[in-house]
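Here's the structure, in structure tokens; my notes come after.
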Amino acid sequence: MESPGPRSGSIGAIVGSYKSAVTRQINELRGTLGARLWQRNYYERIIRSDAELNRIREYIVQNPATWDTDELNPNRS
């Protein structure tokens, strides 16, 4: 029987390992052991053109400005 979760060595496993390690370190520094840090899941996408890459870059730059009104923000105004 296969274990639940992403297959070892897959992008999902790598992202999961990264998120786990970062969460442990941040919670250790904050003294908030066990606190959640990340939104659930992530979005994979194959970037097929320079135009698409530039749109994604722009989204990444602009997105933090919308966090105050994001429905997933527990402290939204």
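Among the residues of region 1-25, just one is in contact (Cβ under 8 Å) with a residue 24 or more places away in the chain and either under 28 Å from ASN75 (Cα atoms) or assigned to a loop (DSSP other than H, G, I, E, B) (or both), namely VAL15. Condition (residue is modelled with pLDDT under 90 and touching a helix residue (DSSP H, G or I) at 6+ places or on another chain (Cβ under 6 Å)) applied to region 65-73: is it met by at least one residue? Yes - at least one qualifying residue is present in region 65-73.
Does region 4-27 contain any residue that is of a type in the set (A, V, I, L, M, F, W, C) and over 15 Å from the mean Cα position of the chain (by Cα)? No, there is no match, as no residue in region 4-27 is of a type in the set (A, V, I, L, M, F, W, C) and over 15 Å from the mean Cα position of the chain (by Cα).
Restricting attention to region 1-25, the residues that are exposed (fewer than 11 other Cβ atoms within 10 Å of the Cβ), at pLDDT 85 or above and of a type in the set (A, V, I, L, M) add up to 1. Among the residues making up region 26-59, those that are exposed (fewer than 10 other Cβ atoms within 10 Å of the Cβ) and outside any loop (DSSP other than H, G, I, E, B) are LEU29, ASP50, ALA51, TYR59.
The values are calculated or read from the model by the stated rules, or taken from the named source; none is laboratory data. Predicted model, so just to flag it, every value in this text is computed and none were measured. Note: ideal-geometry Cβ built from the backbone for every residue, glycine included; neighbour counts use all protein chains shown.
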